[in-house]
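Bear in mind that the values in this text are calculations on the coordinates, not laboratory data. If you're wondering where the values come from, they're calculated on a predicted model, not measured in any experiment. Quick reminder, even Gly has a Cβ in these numbers, built from the backbone with ideal geometry, and neighbours come from all protein chains shown.
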Amino acid sequence: MPELQRLRADHAPAVLAFELANRAYFALSISDRGDDYFDKFTEGYDALLAEQEAGICAFYVLVDEDGSVLGRFNLFDMVEGGAADLGYRVAQDVAGHGVATATVEELCRLAAERHGLRTLRAATSHTNIASQKVLTKAGFSPVGPAGPADLGGKHGTWYERDL
């Protein structure tokens with residue numbers, strides 16, 4: 001059974017494999033990370049771990065029994081006792097099976113219990129219907145427009161959930 005784990009240094013190879021294997025799939029609904037992301041993966045990954053250590057963000061991976069990464073679930077710009085932004089992506093081969101919704105719900109519990117958060121926000125583009133469904137099923141409500149600066153050049157909607 002897949003397990004949501006806090007991002008660690010030893011997850012790096014599986015995270016990179018996940019990102020590479022799903023790059024074209026992700027680009028269908030969200031902005032591509034670009035070649036530079038992959039060329040400088042180690043530096044970027046180390047920076048994420050440093051942000052997590054500083055308490056600015058909390059990064060999680062959904063790890064399958066075989067050690068492969070099925071999804072990434074992140075809390076950005078955390079304010080203790082306050083709010084954070086949520087971002088997530090799941091592998092193409094598990095998309096549409098409730099994995100994202102169940103894991104977002106689990107992360108909402110962790111956000112309150114482990115990180116002392118009261119509110120989560122997430123933005124999704126108008127064309128990313130799957131993400132809109134995940135957020136709605138996980139108890140998020142639309143609260144306003146999200147612009148190109150929020151969504152890598154796309155227009156969409158901000159969603160919010162009180163924890």
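A few points about this structure:
- Working from label points 7 Å from Cα in the Cα-to-Cβ sense, the ASP162 to SER68 distance is 4.1 nm.
- Set of the range 62-77 residues, backbone N closer than 20 Å to the point 7 Å along the Cα-Cβ line of ARG109: 62-65, 70-75
- Contact order relative to length of the range 20-112, as percent, for alpha carbon pairs under 8 angstrom and 6 or more apart: 18 percent
- Expected 222 nm ellipticity per residue - DSSP helices of 4 or more, -39500 (n - 2.57), all of the chain, to 500: -10500 deg cm²/dmol
- Approximate spin-label separation ARG33-THR127, in nm, with each point projected 7 Å along Cα-to-Cβ: 2.1 nm
- Shown here are the Rg and Dmax of the Cα trace of the range 72-132, at 12.1, 36 Å.
- Protection-proxy order for peptides 103-113, 32-42, 148-158, each taking the mean of Cβ atoms within 10 Å per residue, highest first: 103-113, 148-158, 32-42
- Near THR101: Cβ cut-off under 9 Å, other residues only, Lys/Arg at +1 and Asp/Glu at -1. The net charge is +1.
- In a simple Cβ point-charge model (Lys, Arg +1; Asp, Glu -1; nothing else charged), the chain has a dipole of about 600 debye relative to its Cα centre.
- Calculated FRET value between ALA149 and GLU80, using beta carbons and R₀ = 25 Å, to 0.05: 0.45
- When Rg and the Kirkwood radius Rh are both evaluated on Cα atoms of the chain, their ratio Rg/Rh stands at 0.93.
- Relative contact order computed over the range 3-162 (Cα-Cα under 8 Å; 6+ residues apart), in percent: 19 percent
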